[in-house]
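Undergrad: What follows is a single structure, and I will ask about it in a moment.
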Amino acid sequence: MSERIISWHPDPSKPKYSLPPGAVDAHCHVFGPQALFPFSPKAKYLPGDAGPDKLFALRDHLGFSRNVIVQASCHGTDNSATLDAIAKSNGMARGVAVVDPDITDAELEALHQGGIRGIRFNFLKRLVDNAPKDKFLAVAGRLRKDWHVVIYFEADILEEMKNFIANIPVPVVIDHMGRPDVSQGPDGPDMTAFRALLDSREDIWTKVTCPDRLDPAGPPYADFVASVRPLVEDYSNRVLWGTDWPHPNMQDLLPDDGGLVDVIPQIAITEELQQKLLVGNPMCLYWPEGN
Ligand code: 0GY
């Protein structure tokens, strides 16, 4: 693996939709820069540099106020790049780490001081070599009660995730709704199973993100909108939104971030829903102390 992949749009459009003041991009990443923060030897992709300067320029271009930076798999369990970006944000970024389950309590506390508020368990075989549920549960049991766990899995393993999720002792955030097949529609088997999971605990949140990944038909992402709008309405206090910039592994599509923002008013059709999705809900999880 030597070629460094560029997966983000070179010139994203300005969204037509105006984000509410204080809007949080609650799912984004940084890559490197490699010279300062080398990628993991176990990385499954080797991206170009997409550091905090580029992330914060995009934040301002789109009209967001804050970022939640999720440690990407290409950096393994070394969270230095994520922590560096948070440190450069003037308090306007917080993060989600990926940790070795043997991490010490002191190291977890240091992550908290660095702005981390949760850890991510990634179950995608194309991104990680293994996902040991027993070790994940053990470390989840040692987290601060004001942290949460972010879980990334695909719809085909939802059933086998249920017991694991039921045993996590802190709130749970599911990335990209567990990647349903949105072409099945809002009442299809994938969305029905995902709703049942949300109904199993009141503290399961989800990111209603990634029309670009979930709807291969592309803009205007009609299947994504039809499937996700009812979810936003029925679980309005538990949904989050993010750009997913710099869009790991999306080099064949280069999603236009402005176009992605313009999907928001189609899935959250009232100002009240938009306020919860973009401000109230992410602030509750990541800045519970307020502004
Ligand atoms: C995402 C999706 C992907 C990648 C990662 O950590 C990662 O590398 O999460 C993916 O390839 O689907 O949410 O960023």
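The values are calculated or read from the model by the stated rules, or taken from the named source; none is laboratory data. Values in this document were obtained by computation on a predicted structure and should not be read as measured data. When we count neighbours, we look across all protein chains shown, and the Cβ atoms used for this are built from the backbone with ideal geometry, even at glycine. Side chains included, ligands, DNA and RNA excluded: accessible areas come from the protein's heavy atoms. Shrake-Rupley method; radii C 1.70, N 1.55, O 1.52, S 1.80 Å.
Listed here are the residues, each with its yes/no results for (1) farther than 15 Å from Arg238 by Cβ; (2) open to solvent by less than 10 Å² (accessible area, probe 1.4 Å); (3) more than 16 Å from the ligand (Cβ to nearest atom).
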| site | (1), (2), (3) |
| --- | --- |
| Ala131 | yes, no, no |
| Asp156 | yes, no, no |
| Lys162 | yes, no, yes |
| Asn167 | yes, no, yes |
| Arg179 | yes, no, no |
| Gly185 | yes, no, yes |
| Pro189 | yes, no, yes |
| Ala193 | yes, no, yes |
| Arg201 | no, no, yes |
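Undergrad: If I filter region 268-283 for residues that are in a loop (DSSP other than H, G, I, E, B) and touching an Asp or Glu at 6+ places or on another chain (Cβ under 7 Å), do I get at least one hit?
TA: no
Undergrad: Here's something else I'd like to know. Determine whether Pro246 is open to solvent by less than 10 Å² (accessible area, probe 1.4 Å), out of contact with any helix residue (DSSP H, G or I) (no Cβ under 6 Å at 6 or more places or on another chain), under 20 Å from Val24 (Cβ atoms) and part of a loop (DSSP other than H, G, I, E, B).
TA: Considered against the rule, which asks whether it is open to solvent by less than 10 Å² (accessible area, probe 1.4 Å), out of contact with any helix residue (DSSP H, G or I) (no Cβ under 6 Å at 6 or more places or on another chain), under 20 Å from Val24 (Cβ atoms) and part of a loop (DSSP other than H, G, I, E, B), Pro246 comes out as yes.
Undergrad: Any idea which residue in region 214-238 is modelled with the lowest pLDDT, counting only those that are within 16 Å of the ligand (Cβ to nearest atom) and not in a helix (DSSP H, G or I)?
TA: Out of the qualifying residues, it is Pro216.
Okay, residues lined up against (1) part of a helix (DSSP H, G or I); (2) open to solvent by less than 30 Å² (accessible area, probe 1.4 Å); (3) more than 14 Å from the ligand (Cβ to nearest atom):
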site: His27; (1), (2), (3): no, yes, no
site: Pro33; (1), (2), (3): no, no, yes
site: Leu36; (1), (2), (3): no, no, yes
site: Pro41; (1), (2), (3): no, no, yes
site: Lys44; (1), (2), (3): no, no, no
site: Asp53; (1), (2), (3): yes, no, yes
site: Phe56; (1), (2), (3): yes, yes, yes
site: His61; (1), (2), (3): yes, no, yes
site: Phe64; (1), (2), (3): no, yes, yes
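Undergrad: When only residues in region 68-111 that are of a type in the set (S, T, N, Q) and either under 18 Å from the mean Cα position of the chain (by Cα) or at negative phi (or both) count, which is farthest from the ligand (Cβ to nearest atom)?
TA: Going through the qualifying residues, I end up with Thr104.
Undergrad: Surrounded by 20 or more Cβ atoms within 10 Å (Cβ to Cβ) and of a type in the set (Asp, Glu), is that true of Asp11?
TA: No; evaluated as a whole, the condition is false for this residue.
Undergrad: Cβ-Cβ under 6 Å, sequence separation 6+ or interchain: first residue in region 109-128 and basic (Lys, Arg), partner open to solvent by less than 20 Å² (accessible area, probe 1.4 Å) and more than 16 Å from the ligand (Cβ to nearest atom). Which pairs?
TA: Arg117/Trp147; Arg117/Tyr286
Undergrad: OK, next. Please verify whether Leu137 is over 18 Å from the mean Cα position of the chain (by Cα), surrounded by 14 or more Cβ atoms within 10 Å (Cβ to Cβ) and under 16 Å from Met161 (Cβ atoms), treating the condition exactly as stated.
TA: So Leu137 passes the test.
Undergrad: Sticking with this one: Sort through Asp199, Asp134, Asp190 and tell me the only one that's within 24 Å of Pro248 (Cα to Cα) and not in a loop (DSSP other than H, G, I, E, B).
TA: Going through Asp199, Asp134, Asp190 in turn, the sole match is Asp190.
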